[in-house]
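Shown next, in structure tokens, is the structure this report addresses.
The values are calculated or read from the model by the stated rules, or taken from the named source; none is laboratory data. Every value quoted in this text rests on a predicted model; they were computed, and no experiment measured them. Note: ideal-geometry Cβ built from the backbone for every residue, glycine included; neighbour counts use all protein chains shown.
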Amino acid sequence: MENSKKPPKKHRPLLQSMGSAIEGIVYVLENERNMRVHFLIGFFVIIGSIYFDFHYLEVLALLFAVAFVFAAEMFNSAVEYLSNVVVEEQFHPVIKVIKDISAGAVFIAAFNAALVAYILVVNRMRVHRGQLFARIMQSPWHITLIALITCIALVLLIKIIRREKNLLKGGMPSGHTALAFGIWVATWAISSNSLVSILVFFLALLVARSRMSAGIHTFWEVVVGAMIGALTSLLIFQVLL
């Protein structure tokens, strides 16, 4: 019986592997606009953290978050190139899902980096500004931002639970209406001018009406969206203001 042996594996030299990796990074930077944008933002964030004398653990957290964004963007680009080679058709539903998932990974990485930077900057302001930070945290624009982000998160969560096919267009509840009525409540809470609040309320009604007129949402989807936006914004302002 002839003894079959597997051919020995050929390992590439370390310097050659590193050279290939660097070539991949350079190629993505030269050909992918999103990667260049992420790189510039990450570069200035790191330089800013060093300039403002962040603690080394804070700098490490930023480095990790920025590197995570870079890696996710490179994987996303690799998936897109591979998908274009494997499938020659202009549109393929499975390839679209794969590309959407990889793009979602980049979005999560970028959101995580933005959140880390926000927390570190806010913490730095609290340490060095004392009462000024407390006033900023209680300022109307800060609370409004938190309220609107919470509205968006709740709308997306409900759509995910309901397994809506399109999270950004149509379905229960109406995200545009939720934002419109959230802005109305925020305006009512921070403005002493009743006329401004009334005008913003009618603008929110126009947004809701336009979603129904365009056939994007039903009456109840708009009503639920309005309730989510108004009640969420009202609750946030009652707690934080």
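Can you say whether Ser174 is assigned by TED's automatic domain parsing to the domain that holds Ile158, in contact with a Lys or Arg (Cβ under 6 Å, 6 or more places away or on another chain) and over 21 Å from Ile143 (Cα atoms), as far as the supplied structure shows?
Numbers: assigned by TED's automatic domain parsing to the domain that holds Ile158: yes; in contact with a Lys or Arg (Cβ under 6 Å, 6 or more places away or on another chain): yes; over 21 Å from Ile143 (Cα atoms): yes.
Criteria met by Ser174.
Answer yes or no as to whether Asn112 is under 15 Å from the mean Cα position of the chain (by Cα) and either outside the structural domain of Asn166 (by TED's automatic domain parsing) or modelled with pLDDT of 85 or more (or both). Steps first, answer last, please.
Details: under 15 Å from the mean Cα position of the chain (by Cα): yes; either outside the structural domain of Asn166 (by TED's automatic domain parsing) or modelled with pLDDT of 85 or more (or both): yes.
In short, yes.
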Name the helices (runs of 4 or more DSSP H) wholly inside segment 123-196 in which the number of residues that are modelled with pLDDT of 85 or more is 2 or more.
140-161, 175-190
If you scan segment 43-74, which residues turn out to be touching a residue at least 60 places away in the same chain (Cβ under 8 Å) and either within 15 Å of Phe111 (Cβ to Cβ) or assigned to a loop (DSSP other than H, G, I, E, B) (or both)?
Val45, Phe52, Phe54
